[in-house]
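Take a look at the structure set out below.
Please treat every number below as a calculation from the coordinates, not as lab data. These figures come from a predicted structure and were not determined experimentally. Ideal geometry is used to build each Cβ from the backbone, glycine not excepted, and the neighbour counts take in all protein chains shown.
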């Protein structure tokens, strides 16, 4: 079965707070090659690396340098120790230390879902390092008002945020065993991807990674995303930008992608008919081709 170990070369780095983080690259050396910009792939909310399978497969085959950062508190079981630092700003700061550590001069950021939030956090902190960015299935504001195109969805989120050890224990158990639940697997296949285009083995890989993450990580990051709003900041961005969205995305519906596009001056907007929340796995040829075109513009 496919697994994370097939995704690039696994490396670790000890950060300034003593925390060891994992990242993966296409290059064995400590530094990325200088011929082309380094592409940084930022994962979505409690997402593993499965959604980048075709992207990395292509990049490896044609020699495009990339870095995939695994957020702290996710796959290492360190949520309790990292609780205060499982947030968008910290993910951005961790990425900054990694890029400084490998002496990455200029990068092209590619964010998917919550990775769009991480990308924007990083861009506003270090604009001189980011040459261009691709934002896939993301949002510039709190997504609750648009979730599932259901106007009352936001009012249900407080139930998720109830701080109760019994609730958390039950939810965590259901979460960690969801990979064995055929209904849960089917829902992810239908809501996250185009089931006619995406093989079941990709979904199984994603579900296995998901089960290794503490449910409280999900709750904590959803809460933070509900306080996210960068509409004003977007209007100061001057780098080449590509916004990508699917017409059938139930989690970050297309109006959110339009909002990103309309507030990013001069941005390109790629709408993929029939695609759900993960266009890069639904239609990899189209999405990866546009990412490479964006990279070539700034190379």
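Summary of computed values
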| item | result |
| --- | --- |
| Among 53, 180, 122: highest mean-square fluctuation, GNM of the chain, C-alpha pairs under 10 Å | 180 |
| At R0 = 25 Å, FRET efficiency that the Cβ-Cβ distance of residue 231 and residue 269 yields, to 0.05 | 0.90 |
| The chain: calculated mean residue ellipticity at 222 nm from DSSP helix runs of at least 4, using -39500 (n - 2.57) | -12500 deg cm²/dmol |
| Ranked 47, 14, 171, criterion: other C-beta atoms within 10 Å, fewest first | 14, 171, 47 |
| The chain: antiparallel DSSP beta bridges as a percent of all, rounded to 5 | 30 |
| Average projection area in nm² (convex hull over Cα atoms of the stretch 4-297, one quarter of hull surface) | 14.2 |
| Separation of the residue 286 and residue 181 label points, Cα + 7 Å toward Cβ, nm | 3.2 |
| Residue among 207, 13, 109 with the largest mean-square fluctuation in a Gaussian network model of the chain, springs linking Cα atoms under 10 Å | 13 |
| Choice from 114, 259, 225 with maximal GNM fluctuation in the chain (Cα, 10 Å cutoff) | 259 |
| Amide N proximity, the stretch 185-200 versus residue 211 label position 7 Å along Cα-to-Cβ, cut-off under 14 Å | 185-186 |
| Contact order normalised by residue count of the stretch 173-282, Cα under 8 Å, 6+ apart, percent | 30 |
